[in-house]
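K.L.:
Pasting in a structure now, in structure tokens, and then I'll have a few things to ask.
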Amino acid sequence: MQKVKLPVKVDPVRNALKLLDYVGIVEKSQMPRLEASTAGLQSDVDVSLHFGKDVQKLTVMKGTAHAKVDLVCQRCGDTFEHLCEADFIYTPLFEKTNEEELPEAYEPIELDENGEIDLHQILEDELILSLPQVAMHPVDACPRGNMEMTWGDIEPADERPNPFAVLEELKRK
């Protein structure tokens with residue numbers, strides 16, 4: 001199957017009325033922030049999107065994005081490959097929309113002056129958010145994973161006298 005480049009901007013309302021689905025790629029050159037957040041972007045971003053209406057008649061954009069990135073292991077310092085995956089559900093905000101009434105699973109998004117959203121920016125944000133907080137190999141694959149590491153000794157806590165010891169002595173009398 002041929003991979004199609006996704007548009008930069010889309011109109012979620014019009015696409016939802018047509019029940020459009022997009023399956024394609026975003027070139028890695030269009031993801032500079034993701035590349036700067038990692039040790040390198042190995043592949044283009046594979047994206048699958050579905051536009052539609054839910055049971056509350058809200059416009060919804062559901063999707064997944066996958067990309068292979070290089071990360072630096074914080075345990076050993078070596079670079080390793082990581083599959084970055086993101087699942088998301090967005091609904092556009094309108095003047096009459098109350099954010100508190102939206103389902104928790106939906107992430108609200110604002111439309112620009114033309115009623116469109118920047119699809120590449122949303123995908124890049126989602127992939128950056130799905131990166132691990134501390135990048136590490138799996139323990140069995142890391143050269144230093146089986147080594148026990150310590151950084152200094154923890155001194156025992158000082159034994160402080162009990163402030164209620166005086167009351168205990170009075171109780172005995």
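K.L.:
Could you give every pair whose Cβ atoms fall below 6 Å, whose first residue belongs to segment 100-116 and is closer than 17 Å to G63 by Cα, and whose second residue is at pLDDT below 90 and surrounded by fewer than 12 Cβ atoms within 10 Å (Cβ to Cβ), counting only separations of at least 6 or pairs across chains?
P.N.:
So the pair list comes out as P108/E99.
K.L.:
If you don't mind, another one. Tally the residues that are surrounded by fewer than 13 Cβ atoms within 10 Å (Cβ to Cβ) and in a strand (DSSP E or B), restricting the search to segment 82-98.
P.N.:
Residues in segment 82-98 being surrounded by fewer than 13 Cβ atoms within 10 Å (Cβ to Cβ) and in a strand (DSSP E or B): 2 in total.
K.L.:
Can I ask one more? For segment 59-77, what are the residues that are over 14 Å from I122 (Cα atoms), out of contact with any helix residue (DSSP H, G or I) (no Cβ under 9 Å at 6 or more places or on another chain) and not polar (S, T, N, Q)?
P.N.:
K68, D70, L71, V72, C73, R75, C76, G77
K.L.:
Return the only residue of L170, L127 being part of a helix (DSSP H, G or I), open to solvent by 100 Å² or more (accessible area, probe 1.4 Å) and of a type in the set (A, V, I, L, M). Even if it seems obvious, please write down each step before you answer.
P.N.:
Numbers: L127 fails: open to solvent by 100 Å² or more (accessible area, probe 1.4 Å).
After ruling out the rest, the residue left standing is L170.
K.L.:
Working only within segment 29-40, note down all residues that are out of contact with any Cys (no Cβ under 9 Å at 6 or more places or on another chain), surrounded by 13 or more Cβ atoms within 10 Å (Cβ to Cβ) and touching a residue at least 40 places away in the same chain (Cβ under 8 Å).
P.N.:
Within segment 29-40, Q30, M31, S37, A39 qualify.
K.L.:
Looking only at segment 44-63, which residues are open to solvent by 40 Å² or more (accessible area, probe 1.4 Å) and closer than 21 Å to E27 by Cα?
P.N.:
Across segment 44-63, the qualifying residues are D44, D46, S48, H50, K62.
K.L.:
Further question on the same structure: Please find, among V72, V23, V4, the residue that is of a type outside the set (K, R) and more than 22 Å from the chain's Cα centre (by Cα).
P.N.:
On the way: V72 fails: more than 22 Å from the chain's Cα centre (by Cα); V23 fails: more than 22 Å from the chain's Cα centre (by Cα).
Exactly one of V72, V23, V4 is of a type outside the set (K, R) and more than 22 Å from the chain's Cα centre (by Cα), namely V4.
K.L.:
Which condition does A135 not pass, out of (1) free of Cβ contacts under 8 Å to residues at least 40 places away in the same chain; (2) more than 30 Å from T59 (Cα to Cα), if it passes all the others?
P.N.:
Every condition holds for A135 apart from (1).
K.L.:
Another question, if that's okay. Among residues belonging to segment 15-28 that are over 17 Å from I89 (Cα atoms) and touching a Leu at 6+ places or on another chain (Cβ under 9 Å), point out the one that is surrounded by the most Cβ atoms within 10 Å (Cβ to Cβ).
P.N.:
The selected residue is V26.
K.L.:
Ok, one more. Determine which member of the set P138, P163, P108 is touching a helix residue (DSSP H, G or I) at 6+ places or on another chain (Cβ under 6 Å) and surrounded by fewer than 14 Cβ atoms within 10 Å (Cβ to Cβ).
P.N.:
On the way: P138 fails: touching a helix residue (DSSP H, G or I) at 6+ places or on another chain (Cβ under 6 Å); P163 fails: touching a helix residue (DSSP H, G or I) at 6+ places or on another chain (Cβ under 6 Å).
Criteria check complete, one pass: P108.
The values are calculated or read from the model by the stated rules, or taken from the named source; none is laboratory data. Remember, predicted model here, so these are calculated numbers, not experimental data. Every residue, glycine among them, receives a Cβ derived from its backbone with ideal geometry; neighbour counts consider all protein chains shown. Accessible surface is based on the protein model in full, side chains and every heavy atom, while ligands, DNA and RNA are left aside. Shrake-Rupley method; radii C 1.70, N 1.55, O 1.52, S 1.80 Å.
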